[in-house]
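Report on one structure; see the data block that follows.
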Amino acid sequence: KEPSRIAQAASLMARLVRGLPKELPMRRMIETLVLELIDAIYHKWPAIASLDDLTDEEVSVAGWSRFVPEFALVAGYRGTSEQAELRALAAEREAEELRQKAHPREKELTEEKNKNLQLRDQLAEALKKQKVAEDAAEEAQESYERFKEQTKYALQDFAEMQMRDQQSRADMRNMARTIKEQKQKNQQLEDQSANMTNMLQEKDKELAVIEMKLMRTESETKDIAYIRQRLKQLEQNEGNFGLDFARRLAQEVLGTTIEDLIGTKEKKKEKENEKQKQMKAALDIVAEKLRAMPIEIGQLKAQVGCLKAEIQETRKLVPVWNADAVQDLIDAFDENAAVHREIFSMKDKRAFAALGTEPWVPQYLRAEGFVRHVFVSKGELEEFMGNFQQHLLSSEASGGQLTSSQLHNELYMFMRRTLEGEALTEFAYAFIVGLEAFRDDPDFELFDLMLCGAVHPSLTQDQQEMLRELQNLIRACEGQSDDSNRPASARGRTSALAQQSQGTVTRRMLRAVLQAVFPDKTPARHNALRRALHTTLQQLSDAGKSADTDSAQINDIFSSTADGQQSVLIEEVRRQHYYEVIDFTAELARRMRENSDFWEVLDASNMRKILQQCDPHAKPSQIEQWYSISFPEGSESSAPYTDVLTQLRHNTLLKPERLWVKASPKDVVEKMLSTGPPLDSSSNAGGRASGHRMSERRATVRQTVSESPDAASVANMLTFQGQQPRRTRGAKVVDNPVVKMHSDLYSTPEGLQRAVLTGLPGKIEEDEEDENG
């Protein structure tokens, strides 16, 4: 073929492919084929991804003529070969002549022969390529014919696809409209659900308020008899109390005595009417003084206003270099100034003002002048507090219980083990600031409360015992307890299961354990524990320590970081522990104040009743111990209730008996299975009900089975009539076969027919699926 005809054919194919739509799948197939053909025909054809990359000028016949076909190269090889042969003959003749003239020319002849052989090989290879090119051209022609047929069918398919595309677009618009309407309905349902949730929360709050009012009403109802008795005593001694009240008003409010107000000294009166007259006169004088007090208060307020205005004008005259001194003076006389409520930080490098060396200053804080600031990290403070608490536990085990007043001496002696002199004082002041700076941590807050005497030092021991019992209970519930007393085969199976679980506990199991260990916590505190549990599991899952957010390793829950920080759940448990101790102490103080007389003096005879009212579950021995601390043997039978409470707080741990309990896995199972409505307790599983109730139950069973003889109804009937335990997601609960044995269901023909089938719904379908699988 001539190169011009080949260029014309290539131009037609390229323009045909470029004329096809880009979305047509057939175009990609044809375009790939055309590129392969052109690459086989033309020598040094550039590699392009698509024919669209060529310009219109390159696609024209003139553009294709710039490329050289392979067959032209083959013809050039022939000419080159003939010339090479001629040169070889001439070279042979010249070689003969040269061989005669000089022997060294023979070597050049040998090289020319080798070149001749190479050229012959190249010629043979070029002939092969020419053959391949001719075959490819024939295949391209056949492919072109097939392409024309396929193009016709592709155009028909394209028209059909356009029609389907229009139909799909219409269907998509309808679906979008339907989805939009469904989203609107879903949004409405979500809004209704949110409203219902808010209403439910409000109802729960109202219920909690009503329950508190009910408890308060019940408490007040129990005290009606005591109130009536106290009212009767007040009515009998009304005169004495009125006169005493007048004396107290005169002394505490007016700053004088009732004798000075009346003008005469009190004398003993033998008649009751004279005493009443004396009381009335005293009260009239006191009332007259009180009526005059608002006028005096108004005058004092006016004077205060004038003084404030005078101070404001005076401050304007203060020079700039005395502004800081004036500000310090104002802060000193203002008890509500912000500087008095400042929380110091470890980054504050100012020196400390020493508290002095008086006896009421703890020994570790006794210093004069200024104390240098030293930085102590939170981790070092955590380590120091942990070591000191271990020291306290060892000292209590050897030398008895520690009191709040002895705690400061023990802390001073413990500091002297590693520090002396100024270093001890600097660390002590930094330690006190650390308790204030890191108060959000339960360890620091609890230690601060112990130093202040709000709680007893033995609270830390009780807290550690509580956490130890909590962890042991969780391990016992998850099968991590000691199995040394089990048989060898059972120990092997248990060890295998323990290795599989690796001490993992689920969310529902932890929730049931918390309910069993803390039975008397309020719903609000249990909700706070569940929120802390959710946060802990989420953090462990995000850190990659658990596979999901519904379970975690027991060791991870009770672990601590390098600076002493524990999981959110454990910190919440510890925080609630001493918060509830403080709440119990506050309730005890309130009851002690209510049972005190007018001068807030508490009689010893009321102390036992107060303690029993505060903690109904307390043991008698505990009540006697608290009473002996409140009113030691040989002391007075009455004392101010504040002194009595201080004596109690500093010498023993005041906590309710059921602040936390040593629960067992049985208690956890009961908490887990108690969720939901109570099971029917009227039916007797042992078959000892009366004849009337038994016949009535049989009739109910027959009617239910005859009306709905499916597997679900039978299972529900077994559960209801036999009092089967309710199944839960926290643990696997199996049915009790003895309950089924005493059930009336198997005393009916329908029940006996059902007995040969599997009893639970869906079991038959599951077995069939297992067989097919």
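The values are calculated or read from the model by the stated rules, or taken from the named source; none is laboratory data. All figures in this text were calculated on a predicted structure; none of them were measured in a lab. Neighbour counts run over all protein chains shown; Cβ positions are idealised from the backbone, glycine included. Accessible surface areas use protein heavy atoms only, side chains included; no ligands, DNA or RNA. Shrake-Rupley method; radii C 1.70, N 1.55, O 1.52, S 1.80 Å.
Here are the numbers:
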quantity	calculated
Hits in the range 25-38 - residues which are surrounded by fewer than 17 Cβ atoms within 10 Å (Cβ to Cβ) and of a type outside the set (S, T, N, Q)	25, 28, 29, 36
Any hit, the range 542-562, residues being touching a residue at least 60 places away in the same chain (Cβ under 8 Å), closer than 20 Å to residue 438 by Cα and either in contact with a helix residue (DSSP H, G or I) (Cβ under 9 Å, 6 or more places away or on another chain) or not aliphatic (A, V, I, L, M) (or both)	yes
Residue within the range 566-588 that is under 23 Å from residue 479 (Cβ atoms), touching a Ser or Thr at 6+ places or on another chain (Cβ under 9 Å) and either part of a loop (DSSP other than H, G, I, E, B) or without any contact (Cβ under 8 Å) to a residue 12 or more places away in the chain (or both) present	yes
Candidate set from the range 402-437 (those that are at pLDDT 85 or above and assigned to a loop (DSSP other than H, G, I, E, B)); member that is surrounded by the most Cβ atoms within 10 Å (Cβ to Cβ)	419
Number of the exception - residue 364 against (1) at pLDDT 85 or above; (2) loosely packed, with under 15 Cβ neighbours inside 10 Å; (3) not in a loop (DSSP other than H, G, I, E, B)	(2)
The range 506-553, residues that are closer than 25 Å to residue 211 by Cβ, open to solvent by 50 Å² or more (accessible area, probe 1.4 Å) and assigned to a loop (DSSP other than H, G, I, E, B)	520, 522
Candidate set from the range 606-657 (those that are of a type in the set (D, E, K, R) and not in a helix (DSSP H, G or I)); member that is surrounded by the fewest Cβ atoms within 10 Å (Cβ to Cβ)	633
Restricting the range 569-605 to residues that are within 38 Å of the chain's Cα centre (by Cα), hydroxyl-bearing (Ser, Thr, Tyr) and more than 11 Å from residue 656 (Cα to Cα), the residue that is least open to solvent (accessible area, probe 1.4 Å)	578
Hits in the range 438-448 - residues which are crowded, with 18+ Cβ neighbours inside 10 Å and either among the hydrophobic types (A, V, I, L, M, F, W, C) or closer than 18 Å to residue 362 by Cα (or both)	438, 444, 446, 447
For residue 556: the one exception among (1) farther than 19 Å from residue 663 by Cβ; (2) charged (D, E, K, R); (3) touching a Lys or Arg at 6+ places or on another chain (Cβ under 9 Å); (4) not in a helix (DSSP H, G or I)	(4)
Residue list for the range 325-361, filter: modelled with pLDDT under 75 and part of a helix (DSSP H, G or I)	326, 327, 328, 329, 330, 331, 332, 333, 338, 339, 340, 341
